């Protein structure tokens with residue numbers, strides 16, 4: 001069975017700091033990878049996704065993520081965070097033969113101090 | 001533009017009581033999903049419906065039942081609530097028949113407490 005680990009449960013940064021949130025998964029086959037974000041008081045929404053091709057994918061609001069197959073990782077990055085990036089971030093993985101089974105990580109709560 | 005609407009927003013039940021969580025989407029989406037969110041555990045799939053008339057178990061289906069009433073509505077029923085079912089429940093939908101080919105659209109969640 002696939003599993004997803006987000007090792008940083010809570011991250012606190014000051015505005016303009018760089019961000020990297022880790023995501024590792026345990027599945028040896030072909031995967032689809034996602035980052036979802038939940039802003040305070042809002043529902044989850046898709047930040048970015050990777051299916052194939054360029055392993056560096058760009059999403060909304062200046063976020064990007066890099067798929068490193070050899071490390072089973074899909075880390076989320078942003079060069080300079082803003083207060084409005086305060087949210088909970090979820091990595092999710094779908095094995096290509098797993099149909100609708102989208103497995104989410106435990107989430108990382110990011111707080112950006114103004 | 002309502003998107004995915006869940007009711008109720010909050011609910012407190014006593015052990016053994018039953019209830020149904022309602023979910024409706026107005027985007028003409030094909031697939032619908034029920035997840036539960038517990039601290040530190042992310043979202044776990046309870047049941048899903050790839051299309052109208054079909055339902056399938058997810059990762060944690062025990063203690064729950066679902067009904068895909070029509071293309072718009074997908075309800076989750078707890079027949080005999082247990083404290084372990086205290087959680088935040090999210091309904092989601094997708095235009096494709098899978099959770100991956102197009103983004104999931106989530107509702108605002110139902111916070112359920114079972115005492």
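The numbers here are math on the coordinates, done by the rules we state, and not lab data. All values reported here derive from a predicted model rather than from experimental measurement. Cβ placement follows ideal geometry from the backbone for every residue including glycine, while neighbour counts extend to all protein chains displayed.
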Looking at B:20, B:55, B:113, which is the one that is more than 23 Å from residue A:37 (Cα to Cα) and within 12 Å of another protein chain (Cβ to nearest Cβ)?
B:55
Yes/no for residue B:47 being away from chain A (no Cβ under 12 Å), touching a strand residue (DSSP E or B) at 6+ places or on another chain (Cβ under 6 Å) and surrounded by 20 or more Cβ atoms within 10 Å (Cβ to Cβ):
no
Taking residue A:81, is it within 14 Å of chain B (Cβ to nearest Cβ), surrounded by 17 or more Cβ atoms within 10 Å (Cβ to Cβ) and out of contact with any helix residue (DSSP H, G or I) (no Cβ under 7 Å at 6 or more places or on another chain)?
no
Check whether at least one residue in the range B:62-71 is within 20 Å of residue A:38 (Cβ to Cβ) and not in a loop (DSSP other than H, G, I, E, B), and report yes or no.
no
Is one or more of the residues making up the range B:62-77 within 11 Å of the chain's Cα centre (by Cα) and within 22 Å of residue A:3 (Cα to Cα)?
no
Quickly run through the range A:44-78 and pick out the residues that are in contact with a helix residue (DSSP H, G or I) (Cβ under 9 Å, 6 or more places away or on another chain) and without any contact (Cβ under 8 Å) to a residue 12 or more places away in the chain.
A:45
Give the residue, chosen from A:15, A:20, that is under 20 Å from residue A:86 (Cβ atoms), touching a helix residue (DSSP H, G or I) at 6+ places or on another chain (Cβ under 7 Å) and more than 10 Å from chain B (Cβ to nearest Cβ).
A:15
Right, residue A:4: within 10 Å of another protein chain (Cβ to nearest Cβ) and either over 16 Å from the mean Cα position of the chain (by Cα) or surrounded by 15 or more Cβ atoms within 10 Å (Cβ to Cβ) (or both) or not?
yes
